[in-house]
1. Go through (1) part of a loop (DSSP other than H, G, I, E, B); (2) in the same structural domain as Tyr488 (by TED's automatic domain parsing) one by one and return the number of the condition Gly173 breaks.
2. Can you tell me how many residues in region 519-548 are surrounded by fewer than 18 Cβ atoms within 10 Å (Cβ to Cβ) and touching a Leu at 6+ places or on another chain (Cβ under 8 Å)?
3. Quick check on Phe22: is it among the hydrophobic types (A, V, I, L, M, F, W, C) and farther than 22 Å from Ile372 by Cα?
4. Looking at region 149-159, can you tell me whether even one residue there is crowded, with 16+ Cβ neighbours inside 10 Å and outside any helix (DSSP H, G or I)?
5. Out of the residues in region 536-568 meeting the condition of being among the aliphatic types (A, V, I, L, M) and closer than 21 Å to Val336 by Cα, tell me which one is nearest to the chain's Cα centre (by Cα).
6. Take Gln205 and tell me if it is surrounded by fewer than 18 Cβ atoms within 10 Å (Cβ to Cβ) and part of a helix (DSSP H, G or I).
7. Looking at (1) buried (at least 23 other Cβ atoms within 10 Å of the Cβ); (2) modelled with pLDDT of 95 or more; (3) within 28 Å of Tyr301 (Cβ to Cβ), find the lone condition where Gly392 falls short.
Amino acid sequence: MKTLPSRAEIPESDRWDLRPLFASTEAWEECFRSFLDRYPRIAQYRGTLGNGPAQLFECLEFRKSLDLQAERLGQYASLQTSEDGANPDYLEREGRLLNALGKAIEVASFVEPEIMAIPDDIFASYLAASELVEWRIYLEKLRRFKPYTLSEVEERLMALAAPVLQGPTDIFGQLTDVDMKFGTITDETGAEVELSHGGYSSFLQKRDRPLRERAFRQYYKEFEEHKHTIAAALAASVKGDVFRARARGYGSALEAALFPDNVPVKVYTSLIEAVRSRLDALHRYYELRRRLLRLPDIHFYDTYVSVVPEMTMRKTFDEAAELVLNSLAPLGADYVNDLRAGFASRWVDRYESKGKRSGAFSSSSYGNPPYILMNYKEDVFADIYTLAHEAGHSMHSLYSQRAQRFQDHRYPIFLAEVASTFNEELLTHYLLETTSDSVMRAFIINRQIDDIRGTVFRQTMFAEFEKIIHEMEENGEALTLETFRSAYRGLLEVYFGKDFCLDDELSLEWLRIPHFYNAFYVYKYATGLSAAVALSRGVIEKQPGAVERYREFLASGGSRDPLETLRSAGVDMESPEPVFETLDLFDRRVRELEHLLSNETTRDLNAKIDSSTPSF
């Protein structure tokens, strides 16, 4: 029986190298002891921040030194836990750090309230002072939060509550990544294979429909066994979101989530409205998919397999990395060389192993490598796109850190999803440009259609679900397994359409979505891709200044509000037009695929599919 390898069985060359962060765990412990010794000293500034710009500068600089230390400690600890969530040493180390960070936040909780208490005229003189010139952007952004900043005592209580409010996320992660076991399944070769999060996505892309269905039902059977526990965890997470919003005086949890990015609620709601207005194109695609796959009906487990029949699509990680690098050439040789050097210096933790966190992410701390977690599978074409996506995040981090001070470098997630999906758009363009094979072209077009479907349509459905369940809590409605399931089922019926066969298991899909524990995050995937489509078009079409504007976007970090940053790059996300442009692209690609796989070309394509293996 084929099982997941242990961490020790993964070659060192395929694991990330964390030594640039800390040469050893002993070095981490030494830094941690230093942090424990230093953080209480910030209390010496309590009650003094109104004594002049020089005093405020000294306090901010000292806290920055603590933040730099904590960020580096946290990145190392979290990466180790991600690589093996069952390792007790890693869990203990991260637990000690989180405990210390909670105390440090508590001790420093006076800083923002004291800054907010400075009278407006005096604060204006602070902003004009030469001592605070490097902190001006930070202070101006901070002042926006004045109406929602509590008293010192209240801020201390909020800091004390932070680890408790994090509890539902931790419970969900431990349950789904470590404790839940999905059993084994017989694959298409007859081998017994351990079913996992990563393996589940691989099975959904298999041509064998009964195998896809078995994987789907077996995977959700485990979630069915834990449905009450996960529902309670999600309910607690939503209640925490509403508590934080109400405690600070926001009108809703949604407003609280959007306020840091200075994004109007209308951007969120207009996204939902725009996508709902174009669901007919999505429903038409599902019917096209059913016909092309020659199915009597279509289920969720039929939506990830390519409509192009059986193809050998195996790419080693190194081959995938080279494809990504080649696709990014329009951004300049220095961009490509920086990323190539990152791959060579082991930024990436490549393969799935026992206890490793599912999915993929990019993680950075100021002045240190922007690491990438992957669960790469050679037979999952989407994983090449995942690598391009996470590389976009990492290069965004690298360039913003080079150009911005620590206090201004951290870009918001709203912008992060632009950089990542931009890379995916360039990859699609490169693959289409470098193949003359009609089968491969159909495959890539199908991939782009499914990318827009998954990123815009699907994430918008998730965003609408988040909006609904938070409003339920705010309106005093019960958050239970059944109310969650009912709300989700209603959305499934709208987004998938009346001709789609909705299995009962799919009504529990919300149980497996980790992003729901970071509320009102997923809509940024949809807006990010919409902005990326517009920006990448400018680069692909070689519009004057497009590359320079995009590179400036990467370097801007968090120095401006995200909507302002995107406007400078050439995209207005307060208008629905970028979303409609992406939905128009989806419609065009569906029609192109229908033409390519129908009419007079069908016979030729089928002959090629049966006799050759397309390549790129």
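The values are calculated or read from the model by the stated rules, or taken from the named source; none is laboratory data. Just so it is clear, the model here is predicted, and its values are computed rather than measured. Note that each Cβ is placed from the backbone with ideal geometry, even for glycine, and that neighbours are counted across all protein chains shown.
1. (1)
2. We begin by selecting, within region 519-548, every residue surrounded by fewer than 18 Cβ atoms within 10 Å (Cβ to Cβ); these are 537, 540-545, 547-548.
Subsequent filtering for residues that are touching a Leu at 6+ places or on another chain (Cβ under 8 Å) retains 540, 547.
The total comes to 2.
3. Details: among the hydrophobic types (A, V, I, L, M, F, W, C): yes; farther than 22 Å from Ile372 by Cα: no.
So Phe22 does not fit the description; no.
4. Yes, the conditions are met somewhere in region 149-159.
5. Initially, region 536-568 is screened for residues among the aliphatic types (A, V, I, L, M), giving 539-540, 546-547, 554-555, 563, 566.
Retained after the next criterion (residues that are closer than 21 Å to Val336 by Cα): 539-540, 546-547, 554-555.
Numbers: Val539: 24, Ile540: 25, Ala546: 25, Val547: 24, Leu554: 17, Ala555: 20 Å.
So the residue we want is Leu554.
6. Working: surrounded by fewer than 18 Cβ atoms within 10 Å (Cβ to Cβ): yes; part of a helix (DSSP H, G or I): no.
Here the answer is no, as Gln205 does not meet what is asked.
7. So the condition that Gly392 fails would be (3).
To keep it simple, each residue is scored yes or no on (1) out of contact with any Phe, Trp or Tyr (no Cβ under 8 Å at 6 or more places or on another chain); (2) surrounded by 11 or more Cβ atoms within 10 Å (Cβ to Cβ).
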position: Arg7; (1), (2): yes, yes
position: Pro11; (1), (2): yes, no
position: Leu18; (1), (2): no, yes
position: Phe22; (1), (2): no, yes
position: Glu29; (1), (2): yes, yes
position: Arg33; (1), (2): yes, no
position: Tyr45; (1), (2): no, yes
